[in-house]
1. Anything in segment 205-235 that is of a type in the set (Ser, Thr, Tyr) and either assigned to a helix (DSSP H, G or I) or surrounded by fewer than 17 Cβ atoms within 10 Å (Cβ to Cβ) (or both)? List them, or say none.
2. What are the residue pairs meeting all of these: first residue in segment 683-697, first residue within 17 Å of residue 280 (Cα to Cα) and open to solvent by less than 70 Å² (accessible area, probe 1.4 Å), second residue part of a loop (DSSP other than H, G, I, E, B) and of a type in the set (A, V, I, L, M), Cβ atoms under 9 Å, and 6 or more apart or on different chains?
3. Mind checking which residues of segment 174-195 are free of Cβ contacts under 8 Å to residues at least 40 places away in the same chain and over 21 Å from residue 209 (Cα atoms)?
4. Of the conditions (1) modelled with pLDDT of 95 or more; (2) touching a helix residue (DSSP H, G or I) at 6+ places or on another chain (Cβ under 9 Å); (3) surrounded by fewer than 22 Cβ atoms within 10 Å (Cβ to Cβ), residue 264 clears all except one; give me its number.
5. So which of 192, 179 is of a type outside the set (Ser, Thr, Tyr), crowded, with 22+ Cβ neighbours inside 10 Å and more than 30 Å from the chain's Cα centre (by Cα)?
6. Which number in (1) farther than 22 Å from residue 291 by Cα; (2) open to solvent by 10 Å² or more (accessible area, probe 1.4 Å) marks the one condition that residue 239 misses?
7. Tell me, which strands (runs of 3 or more DSSP E) lie completely within segment 6-104 with 1 or more residues that are polar (S, T, N, Q) and within 31 Å of the chain's Cα centre (by Cα)?
8. Can you tell me which residue is nearest to residue 592 (Cα to Cα) among those in segment 791-808 that are surrounded by fewer than 21 Cβ atoms within 10 Å (Cβ to Cβ) and in contact (Cβ under 8 Å) with a residue 24 or more places away in the chain?
Amino acid sequence: CLPCGATYSRRMPSLTVREAQVRAALLEVLAYDLELDLTIPGDTFSSSCLISFDTTSAGCTFVDVSCSELTRAELDDEPLDPSLLSGGRLPLDLTDGRHRLRLEAVMPTATTARGCIAAPTPPTAAPICTRSAVDAAPRIFGCFDQPDLKAVYRTQVSVPEDRTVLGNAPATSLGGGRWELAQTLPLSTYFWTLVAGPYHSVLSEHDGIPLGIHCTQWLARHLDVDADEIFTVTGQSFDAYHAMFGIRYPFGDYHQVFVPEFNFGAMENPGCVTLRDSMVFRSKVPDGERGLRARVIVHEMAHQWFGDLVTMRWWDDLWLNESFAEYMAHRVTDEATGFTDSWVEFGFVRKRWGLMADSRPSTHPVASNGANDVRSAFADFDGISYAKGAAVLKQLNTYLGDEVFLAGVRQHLNEHAYGNATLADLLAAWESCGARELGPWADAWLRTSGADTLSLDDDSLVRTPPAGSDAERPHSLVIRVLGDGEGERDVAVQVTSPRTQVPVCPGPGRALVLDGRDDTRDKVRYDADTRAALPAVLGRIDDPVTRAAIWLAVRDGVGDAVIGTDAALDLLTAALPTEDQDIAVRSLSGWAARTVIGQYLGGEPSARDRVAEALARRLHSAPPGSGLQLAAAQGLAEVCVDTALFRGWLDGAAPDGLVVDAELRWKLLLQMAWLGAVDALDVEDERRRDASSKGAIHAARCRAALPDAASKAEVWDRIISDGSLSNYELSALCEGFWHPDQSALLDGYVDRYFAELPSTASLRSGWVVAETALLGFPVYAVRQQTYDRAQALLAADPLDAGLRRAVADRADDLRRALRVRAAAVPESDADR
């Protein structure tokens, strides 16, 4: 009998690339026959697995099992000793030929992390959702857990009789709570999924493909409202991908299940995509948030080809899955659906995420990133593998042309269908379809980390490679010329050398926007004349993608201390009152509140007032009832300190058209909690008003925000020591805990974070450990001592890999904040 859950999983060795190569050379896995019983009372379930496989020769290997108790193990009907299971691995001594391995185990259920998750969603019975992603499949059934050992699956499951069961293949009720799922096509272990719960379902069909969308019962009426929109986006996306890839969707039914307590945004399980249930909107949201949901739907559908049909051979080619899905999601959503703001969101949100990740010490190449084991690969599910990779693909499409680009993609998918592939395979497909030799391009863009920096020097565009690199990256871009009396015009530039002469120079009143169509992937440094002209010209730029490109350069420049916070505030207060994209308003107001004001300026009241006044102007000038008005109100709720104003909104005195529904009420209450304008009784009153599971999470966040010593102590103890917290509640407590206005109250917790954080890896596992470290970091304690404590923790050994990465990233943010603050201090003051 082995220890259960996350504590056990941390002692499991992480599968290395060499171990995976050796096992893949030895085995061909044919089929998994699974039987699960989810009706057992308590926090376990039974798992029976029969694995059929061939060996190419005699040899020794192991099967992966992470269980509470391995009760039976047989190889070719001969018993194996269950006590040989160690570190989640059961050794196997194999002869050449066909084999059958039977494993029966008691598995732990959980409320967080991975495996078989029972979500705490009162008052209804808890739904079950399995998460086999990355290395979690052995928490559900014994398996050879690596992406290049695909097999078919046949599954039977017992659940309480009031449950609906969904999975990778059609599920049939056998009566009495027993269900049988049809045989799947060949899948990697990390794609197997099963969802069982008292779900509300809406069914449809598109082009012969059965469709279903599902959610918990308490969200049923909200899903019904949005069902037509979701089905429309789904159908439009299928049509686009069929035309682009030339291969019909191969996995039968297509279900999308909005599940609770999901610690990913979504997961592309073939035939049964799972998504966070927060994407079922119970309140009015800005249009950009609907667009985001559409992109998630389109992203996960792209994976049905890039990832599911053709899977990377090893995790160092994760980009073959995620970068392609990210690029295709923005492209297809923009071209095929009614949500045409995709590249606006990419510029304002996703591209900045990638650029920030690429500027940190933890940066890594997009492809062939050297992930030696699964655990290190897991840390690379980040802005580089998603957003930077997508930006590189967008640039490659410009470089190759769409015809060659898509021809290579189609050839790649056809050649490797139902199998695995590498970067070299995809490059070969492009080259066979007409691309020039892509090795140098891939070395510079995909195998080299860091971003180029583009700047103007008189009439030359200067390209500077990342520090310590001699990468020669080609760029195809435009310089958008503004404010010179000639109207808006574009100058196309092909950058193939460190200095490229261009037919335009900086000048007074002229703004030269490098990469004005956001075509490439780089850091941009504006000349002095452009920086001076931006406040006057930014509001007159019609193209929101150009505005996104400008703000990407400005925010990056502020973080690198080459643009001052005063200049950034001048630009914010000039731009926000006229910005017509709700994505931009939310992105910029969040950056202003949390980064500029909270970290760089330490909550400076005058800066808050300036941004709040700009957002108020946008709020009152936006069309009543519009998403733009709501975005301005949400931004104001983050930065404004006028609690009497918010109390009026809560009591019914909101601006005309602004609906103060459940989500906005909680946002207002959170700001008032941080400012000490409400107490625990007020939070509980609001919790009774919103008796949903979402309301419980909001209430936890607000209680964590209260400036009360006893409350803070209780919340901190739960973050550090309560292993029973659900994903959503843990995140909410961390999000609510820190605030720049509570520095005196929270000062003692800065040292406690670094002293006590490592212990959380004994309670939780995987992504949850890293998320706790990220969200719980004292980001507003911007002082050298905090940075030094972070570095001391990072020097400790051993330290959970995900926790180490999270602390390193937050420490780098802190380093930037210290540099920004130092740059704002006059030399005479700094000397003193």
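1. Going residue by residue through segment 205-235, those that are of a type in the set (Ser, Thr, Tyr) are 216, 232, 234.
232, 234, listed by residue number.
2. Between residues of segment 683-697 that are within 17 Å of residue 280 (Cα to Cα) and open to solvent by less than 70 Å² (accessible area, probe 1.4 Å) and residues that are part of a loop (DSSP other than H, G, I, E, B) and of a type in the set (A, V, I, L, M), the close pairs are 693/119.
3. 174, 175, 176, 178, 179
4. (1)
5. Details: 192 fails: more than 30 Å from the chain's Cα centre (by Cα).
Selected residue: 179, the only one of 192, 179 that is of a type outside the set (Ser, Thr, Tyr), crowded, with 22+ Cβ neighbours inside 10 Å and more than 30 Å from the chain's Cα centre (by Cα).
6. Result: residue 239 fails condition (1) only.
7. Details: elements: 27-37, 44-55, 59-64, 69-75, 89-94.
Per the criteria, 44-55.
8. 808
The values are calculated or read from the model by the stated rules, or taken from the named source; none is laboratory data. Keep in mind that what you see is a predicted model, and the values were worked out from it rather than measured. Positions of Cβ are backbone-derived with ideal geometry, glycine not excepted, and every protein chain shown enters the neighbour counts. To get the accessible areas, we keep the full protein, side chains included, count just its heavy atoms, and leave off ligands, DNA and RNA. Shrake-Rupley method; radii C 1.70, N 1.55, O 1.52, S 1.80 Å.
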